[in-house]
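The values are calculated or read from the model by the stated rules, or taken from the named source; none is laboratory data. Treat the numbers as computed from the prediction; the structure is a model and nothing was measured. Cβ sites come from the backbone with ideal geometry, for glycine too, and all protein chains shown count toward neighbours. Side chains are part of the model used for accessible areas, which takes the heavy atoms of the whole protein and leaves out ligands, DNA and RNA. Shrake-Rupley method; radii C 1.70, N 1.55, O 1.52, S 1.80 Å.
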Amino acid sequence: MASFNPKDISTGKLHGYLLSAVAPRPIAFASTMDADGNPNLSPFSFFNVFSANPPILIFSPARRVRDNTTKHTLENVEATKEVVINVVNYDIVQQMSLSSTEYAQGVNEFDKTGLTMLSSEIVKPHRVAESPIQLECKVNEIVHLGTEGGAGNLVICEVVKLHIADEVLDDNGVIDQNKLDLVARAGGSYYSRANKGFFEIPKPLSKLGIGVDNMPHEVKNSMVLTGNDLGMLGNVEALPNQIDIDDFIKNVSERYPNIREKSHHEKHKIARNYLSYGDVDSAWKLLLS
């Protein structure tokens, strides 16, 4: 394994390592205005949500590594204390990328990208009409992390108005992640299309799982089951009782004859198949048979 002291490598190289390692990252498509009312639009992947009460988003327009200059977005939020954070879905990813071009001060990236300016209701910067979710924000604070190239500037924003497109909501008014079709940023020129890789994991906070430490020795030390498999198996409140195990074995006896006599290795391979479908209960009954 290669190991580095951040102070011993160039900022550019460190920047590349960090962006590739901490990925994918959500994208803040930030719309701002300068003191004269000129619009600006630019994407930032140093971004996330940090609080719901109050609703706080933070993004960071870092100083440019190559020449230590600051970005128009940072200068604008310092001057006006307002910003709209628009989410980026797959339909506008190419236009979003185009907006990251370093156009001169005063150039309107809405015009350059062909995106539509939509008036906000509370703040002055425009929303991106094509974005499925737009968050009008007031800037509470800007934290400057350094003065050299690559230094971040944390723009701490409070959401004062949310706008969500009807087409990304389900019948219960909840955002459907597949319909939203978000895009995330990775290292280099790579992006990730979120809805092509969604999967669900039951939250451990919803119940007290038994944990790997309470599993039978042959299960937690399996040569077949992976760490992910053990994580799924450990997220149950209790192991199945013998009656349930016997009923399960009776029901699968035609598919798996003499299952009780099979080796741990063979049982673990079959259990992995159940786990691949999220059927943890059947996997446990098989493992304990």
Checklist entry - How much length, in nm to one decimal, is gained on full extension between Val160 and Ile9, taken as 0.36 nm per residue of separation minus their Cα-Cα distance? => result 50.2 nm
Checklist entry - Which FRET efficiency value, to the nearest 0.05, do you get for Glu237 and Arg193 by plugging their Cβ-Cβ distance into 1/(1 + (r/R0)^6) with R0 = 22 Å? => result 0.05
Next on the checklist: Residues of segment 15-29 with the amide nitrogen closer than 13 Å to a label point 7 Å from the Cα of Ala2, along Cα-to-Cβ, please.
Outcome noted: 15-18, 20-21
Item to check | Radius of gyration, Dmax [segment 1-138; alpha carbons; angstrom] | outcome: 15.9, 52
Checklist entry - With point charges of +1 on the Cβ of Lys and Arg and -1 on the Cβ of Asp and Glu, referenced to the Cα centre of segment 119-267, which listed residue (Tyr191, Val159, Pro125) lies farthest in the positive direction of the dipole? => result Tyr191
Item to check | For a label point 7 Å along the Cα-to-beta-carbon line of Leu208, residues of segment 234-261 with backbone N under 12 Å | outcome: 237-238
Checklist entry - What accessible surface, in Å², does a 1.4 Å probe find on Thr80, ignoring ligands, DNA and RNA and rounding to the nearest 10? => result 50
Checklist entry - What size of dipole, in debye to the nearest 20, comes out for the chain about its Cα centre when the only charges are +1 on Lys and Arg C-beta atoms and -1 on Asp and Glu C-beta atoms? => result 860
Next on the checklist: Taking 31 Å as the cut-off for C-alpha to C-alpha distance, list the pairs among Lys112/Lys179; Lys7/Lys220; Lys13/Lys179; Lys179/Lys267 that go past it.
Outcome noted: Lys7/Lys220; Lys13/Lys179; Lys179/Lys267
Item to check | Under-5 Å amide H pairs with Asp176, H placed in peptide plane, nonlocal only | outcome: Leu169, Asp170
Next on the checklist: Which order do the peptides 130-143, 106-119 come out in when sorted by mean C-beta neighbours inside 10 angstrom, highest first?
Outcome noted: 130-143, 106-119
Next on the checklist: On a full-extension model of 0.36 nm per residue, what is the gain between Lys179 and Asp244, subtracting their alpha-carbon distance, rounded to one decimal in nm?
Outcome noted: 19.5 nm
Checklist outcome for this item: antiparallel share of DSSP beta bridges within segment 57-188, to nearest 5, in %, is 100
Checklist outcome for this item: 1/(1 + (r/R0)^6) with r = Cβ-Cβ of Arg272 and Glu141, R0 = 30 Å, i.e. FRET efficiency to nearest 0.05, evaluates to 0.05
Item to check | Segment Ala104-Leu18, length gained on full extension (0.36 nm per residue, minus Cα span) | outcome: 28.1 nm
Checklist entry - Sorted by accessible area (1.4 Å probe), largest first, how do Asp34, Asp91, Asp170, Asp67 line up? => result Asp91, Asp67, Asp170, Asp34
Checklist outcome for this item: The simple spin-label model distance between Asn228 and His265, using points 7 Å out along Cα→Cβ, in nm, is 2.4
Checklist entry - Based on the mean of other beta carbon atoms within 10 Å per residue, what is the order of 81-88, 93-100, most packed first? => result 81-88, 93-100
Checklist outcome for this item: For Leu169 and Arg64, extending 7 Å from Cα along the Cα-Cβ vector and measuring point to point gives, in nm, a value of 4.2
Item to check | For Tyr103, solvent-accessible area (1.4 Å; no DNA, RNA or ligand), Å² | outcome: 50
Checklist entry - Residue by residue, what Karplus-based ³J(HN,Hα) values in Hz, rounded to whole numbers, does segment 176-190 have, using 6.51, -1.76 and 1.60 with θ = phi - 60° and x for Gly and Pro? => result 8, 4, 5, 5, 5, 6, 5, 10, 10, 9, 10, x, x, 9, 8
Checklist outcome for this item: Note on segment 1-93: contact order normalised by length, alpha-carbon pairs under 8 Å, 6 or more apart, percent, works out to 29
Next on the checklist: Helix 264-276 against the longest principal axis of the chain: what's the angle in degrees, Cα atoms only, rounded to the nearest 10?
Outcome noted: 40
Item to check | Prolate/oblate/rounded label for the chain (Cα gyration tensor, a/c 1.5) | outcome: prolate
